[in-house]
Amino acid sequence: MVVIPPVDLTEQFKAIQADVNAAVAEVLASGQYINGPVVQSFAESFGQYVGTDHCVVCNSGTDALYLALRALNLGPGDEVITSPFTFIATAETISAVGATPVFVDIDLATFNLDITKIEAAISDRTRAIMPVHLFGRPVDMGPILDVATRYDLVVIEDCAQATGAEWQGRQVGSLGHVGCFSFFPTKNLGGCGDGGAVTTNDEALAATMAMLREHGSRVKYHHEAIGVNSRLDSVQAAILAIKLRYLDQWNQQRQRVAQRYQELLSTLGEVVLPQEANFGKAVWNQYTLRLPSATAAGQERNQVQQLMRDMGVLCMVYYPLPLHLQPVYGHLGYQPGAFPAAEVAAHQVLSLPMFPELGADQQARVVEALKQALVGAGVRATQYC
Ligand SMILES: *Cc1c(COP(=O)(O)O)cnc(C)c1O
């Protein structure tokens, strides 16, 4: 049985193998493995792509968030509003700088922050809002920028899953005060290892992030702050520079894959399909649907996932436990029921295989497996088959 994986990085590599091998060989021969010219040139290209004046590259998306929070002087006593339905790094970095994540429920239709609930979560300690463009779908930034202006808050965009996504024709990462990107291999622009970047139009902020990234140093061996070592390797920069040229094409292929799923699944009443963003462009890092009948423990969804795995179709669950209920955040005192939409999502979501090279025949197999699994899990009556 040929397995359909959730994401297949090997197909993409084959398409650019010759270019990548040559670029990596060139870096290896140059001896400039750290902060070589290729790193600076990739940072400039990526900043241009996003449409900001400045781009500071670093070692991961997690570090990008950390550097942004540190450079904005967020720390103990400060609150940052964010989503409970995201990867841990979003909240983890808020905690890492000593600030407190304050969660706001999501909108089940988009899995993104429920913009109508943000204002009620603002206190006199709130300093920032950190929206996450989850699964490649842009957050509707208008109301967020608006509330941020009214309360004098900074906006830090977590763009890790949305490189290339647009809100009203503008790239995510250029809308708030700072945008944070990940080049983890499975992201829309992924390297062959870890990597990340921050984008901003604020020159001083960019300089501070670059300083913190280099052990708190602007001038070699002069240290003005406790920083970190978070550089992007030259080898990764060389690979990412090649991949950046294909990003729009790959995102278009993802959109075609998503469109095909929408068509193939449109008559399936047992699942709720992800919505297109009507105010922007989604880049489908994930194609995530929902099983509205799945109950509080999510057994039906888990059974559907298992039955599909038995048929050679590997689906993922992002994310099975919202952040406010994670053991690490027990001290924040959130109880089950605090964020009903995030909790429902955690029990009901299923991400189908999604990558630019996913073929129509493979997608037909995914859909067939899903239909059979829905019957097997008792979610769908047999006679519909
Ligand atoms: C991947 C991811 C990160 C962290 O990126 P890394 O490069 O893995 O450190 C942060 N936020 C979100 C939403 C992510 O998906």
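Throughout, read-outs are computed from the coordinates displayed, never taken from laboratory work. The model shown is predicted, which means the values in this text are computed figures rather than measured ones. FYI the Cβ positions are ideal-geometry reconstructions off the backbone, even for glycines, and counts take in every protein chain you see.
Could you pull out the residue among Pro84, Pro101 that is within 12 Å of Phe339 (Cβ to Cβ), touching a residue at least 40 places away in the same chain (Cβ under 8 Å), surrounded by 16 or more Cβ atoms within 10 Å (Cβ to Cβ) and within 14 Å of the ligand (Cβ to nearest atom)? Steps first, please.
Details: Pro101 fails: within 12 Å of Phe339 (Cβ to Cβ).
None of the others qualify; the one that does is Pro84.
Output the residues belonging to region 15-42 that are assigned to a helix (DSSP H, G or I) and either within 16 Å of the ligand (Cβ to nearest atom) or among the hydroxyl-bearing types (Ser, Thr, Tyr) (or both). Working first, answer last.
Keep residues of region 15-42 that are assigned to a helix (DSSP H, G or I), which gives 15-30, 37-42.
Matches in region 15-42: Ser30, Ser41, Phe42.
Given the criteria within 16 Å of the ligand (Cβ to nearest atom) and surrounded by fewer than 24 Cβ atoms within 10 Å (Cβ to Cβ), does Leu189 qualify?
Numbers: within 16 Å of the ligand (Cβ to nearest atom): yes; surrounded by fewer than 24 Cβ atoms within 10 Å (Cβ to Cβ): yes.
Considered against the rule, which asks whether it is within 16 Å of the ligand (Cβ to nearest atom) and surrounded by fewer than 24 Cβ atoms within 10 Å (Cβ to Cβ), Leu189 comes out as yes.
Tell me which strands (runs of 3 or more DSSP E) are completely within region 85-186 and hold 3 or more residues being farther than 26 Å from Tyr287 by Cα, or say none if there are none.
Working: elements: 100-103, 126-130, 154-158, 178-182.
Passing ranges, in order: 100-103, 126-130.
Could you figure out which of (1) within 15 Å of the ligand (Cβ to nearest atom); (2) without any contact (Cβ under 8 Å) to a residue 60 or more places away in the chain; (3) under 22 Å from Tyr319 (Cβ atoms); (4) of a type outside the set (A, V, I, L, M, F, W, C) isn't true of Gly176?
It fails just one condition, (3).
Name the residues in region 192-209 that are part of a loop (DSSP other than H, G, I, E, B) and within 16 Å of the ligand (Cβ to nearest atom), would you? Even if it seems obvious, please write down each step before you answer.
In the first step, residues of region 192-209 are kept if they are part of a loop (DSSP other than H, G, I, E, B); the result is 192-195, 201-202.
Matches in region 192-209: Cys192, Gly193, Asp194, Gly195.
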